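Each remark here refers to the structure printed beneath this line.
The values are calculated or read from the model by the stated rules, or taken from the named source; none is laboratory data. Small disclaimer: the values here were computed from a predicted structure and weren't measured. Quick reminder, even Gly has a Cβ in these numbers, built from the backbone with ideal geometry, and neighbours come from all protein chains shown.
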Amino acid sequence: MAELWSNPAVQSLTWALVKVLIILNAMLGAVSYLIYAERKICGHIQARTGPNRVGPFGLLQPIADGVKLLFKEEFIPAQANKVIFHLAPILAVFPAIVTFSVIPMGPPPMFVVTDINVGLLLFLAMSSLGVYAITLGGWASNNKYALLGGLRSSAQMISYELAMGLSTIPVILYAGTLSLVGIVERQGGWYHVVTLPWSVPGMGADLWLPNWGIFHWYLVIPFVIFLITAFAETNRAPFDLPEAEGELVAGFHTEYSSMKWALFFLGEYMNMIVISSIAVTLFFGGWHGPGPAWLGLGWYLLKLGVLMFFFIWVRWTFPRLRYDQLMGFGWKVLLPASIVNVLIAALWLYGRGAL
């Protein structure tokens, strides 16, 4: 047994499993209180107080909701495809958990479960799988409104997934790698922007900025495109067309109840955390920030919190788009803009000898 534990491969696998368990439990807790935070922020936006009855400041509301859903009666339509009906909610959660295994949350190797050289491709692949949960759930329910919600999700995914993939190409050109750890490492330190014609007290005449992707002009438009498609990716307002309660009752999850209904929303909020983490990794320097490296996890969580607040703020500020508006915007605006920006970034980097 001692020889087995001394094997580096066994130690590496054991440590990876421990980190997976920590991340899984942390995400479950984070999702519960992310829902609480959204309800409080929504309340303030709408001049209400939000949850304030269960526990101090309503902090025990997520626990009460979880217990309620656990004991709530479950209804399954008589003509539903039972196997796929049960499988769809699981598929809603699975891609987010897998993607989180390659996101660097702090200095490696301590805060990275695994570093693969195609981490960004893994994210794009897993994000594409998420639509299967919605489509299959809508089809298996044997409900016309649920089916329409699932079909909407499929068409919506095609219209924005291309733009999302293309928006990451300038980042790949800039970093020279598909590894998310490598992309974060490329954004470390500072870079010289310009020498000013005057001197600033304490700073001199040189303007320096963090070497994060967002501070490079040719990565600003890709960030905007990525952020817009992220809302469609997570089916959040103003792009929540697969639900659209005003048109489709509750859309793809009309026939779901109890914990299966909860799993769909668990997957939605997990995907919010994952896609915000990817945005932090690609455009905001990941765990890099002022101060020593051991503060990296704190900087990552701070940036993640800001983006999560932005997600919630947008949902409760803008109205839902019409379906044709979303499709037209995806094909006629986001896709051409992504292609043009890839060409501009490639020419700029080639001209500077970075390619």
Failed condition for LEU124, given (1) surrounded by fewer than 23 Cβ atoms within 10 Å (Cβ to Cβ); (2) among the aliphatic types (A, V, I, L, M); (3) over 17 Å from VAL274 (Cβ atoms), with all others met?
-> (3)
Please tell me if SER154 is polar (S, T, N, Q) and out of contact with any Ser or Thr (no Cβ under 8 Å at 6 or more places or on another chain).
-> no
So the helices (runs of 4 or more DSSP H) completely within the range 1-102 holding 1 or more residues that are at pLDDT 85 or above and surrounded by fewer than 17 Cβ atoms within 10 Å (Cβ to Cβ) are 8-45, 61-71, 82-99
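Within the range 139-148, identify whether any single residue is within 20 Å of the chain's Cα centre (by Cα) and in a helix (DSSP H, G or I), and answer yes or no. Before the answer, list the steps.
First, pick out the residues of the range 139-148 that are within 20 Å of the chain's Cα centre (by Cα): none.
No, the range 139-148 contains no residue that is within 20 Å of the chain's Cα centre (by Cα) and in a helix (DSSP H, G or I).
One line per residue, one yes/no per condition, for (1) hydrophobic (A, V, I, L, M, F, W, C); (2) under 21 Å from THR234 (Cα atoms); (3) free of Cβ contacts under 8 Å to residues at least 24 places away in the same chain:
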site	(1), (2), (3)
GLY29	no, yes, yes
ILE35	yes, yes, no
ALA47	yes, no, yes
PRO51	no, no, yes
PRO56	no, no, yes
LEU91	yes, yes, no
Given the conditions (1) farther than 23 Å from GLY188 by Cα; (2) surrounded by fewer than 20 Cβ atoms within 10 Å (Cβ to Cβ), report the number of the one that ARG352 does not fulfil.
-> (1)
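Condition test on ALA125, is it assigned to a helix (DSSP H, G or I), modelled with pLDDT of 85 or more, of a type in the set (A, V, I, L, M) and assigned by TED's automatic domain parsing to the domain that holds PHE311?
Numbers: assigned to a helix (DSSP H, G or I): yes; modelled with pLDDT of 85 or more: yes; of a type in the set (A, V, I, L, M): yes; assigned by TED's automatic domain parsing to the domain that holds PHE311: yes.
Against the criterion (assigned to a helix (DSSP H, G or I), modelled with pLDDT of 85 or more, of a type in the set (A, V, I, L, M) and assigned by TED's automatic domain parsing to the domain that holds PHE311), ALA125 qualifies.
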Among the candidates ALA140, ALA133, which residue alone is surrounded by 20 or more Cβ atoms within 10 Å (Cβ to Cβ), in the same structural domain as SER276 (by TED's automatic domain parsing), under 25 Å from MET164 (Cβ atoms) and of a type outside the set (Ser, Thr, Tyr)?
-> ALA133
Given HIS288, HIS253, which one is closer than 30 Å to GLN46 by Cα and in contact with an Asp or Glu (Cβ under 9 Å, 6 or more places away or on another chain)?
-> HIS253
Pair list, Cβ under 8 Å, 6 or more apart: the range 297-320 residue assigned by TED's automatic domain parsing to the domain that holds ASN235 and surrounded by 15 or more Cβ atoms within 10 Å (Cβ to Cβ), other residue among the β-branched types (Val, Ile, Thr) and not in a helix (DSSP H, G or I) | PHE311/THR234
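Test ALA163 against the stated conditions and say whether it is more than 30 Å from VAL220 (Cα to Cα) and buried (at least 23 other Cβ atoms within 10 Å of the Cβ). Working first, answer last.
On the way: more than 30 Å from VAL220 (Cα to Cα): no; buried (at least 23 other Cβ atoms within 10 Å of the Cβ): yes.
In short, no.
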Identify, please: which residue in the range 33-59 is more than 26 Å from the chain's Cα centre (by Cα) and not basic (Lys, Arg) and is, among those, nearest to PRO319 (Cα to Cα)?
-> ALA47
Among (1) assigned to a loop (DSSP other than H, G, I, E, B); (2) under 15 Å from the mean Cα position of the chain (by Cα), PHE311 falls short only on (1)
What single numbered condition from (1) of a type in the set (S, T, N, Q); (2) free of Cβ contacts under 8 Å to residues at least 40 places away in the same chain; (3) buried (at least 18 other Cβ atoms within 10 Å of the Cβ) fails to hold for GLN325?
-> (3)
Mind checking whether some residue in the range 166-184 is in the same structural domain as ARG322 (by TED's automatic domain parsing), within 16 Å of PHE329 (Cα to Cα) and not charged (D, E, K, R)?
-> yes
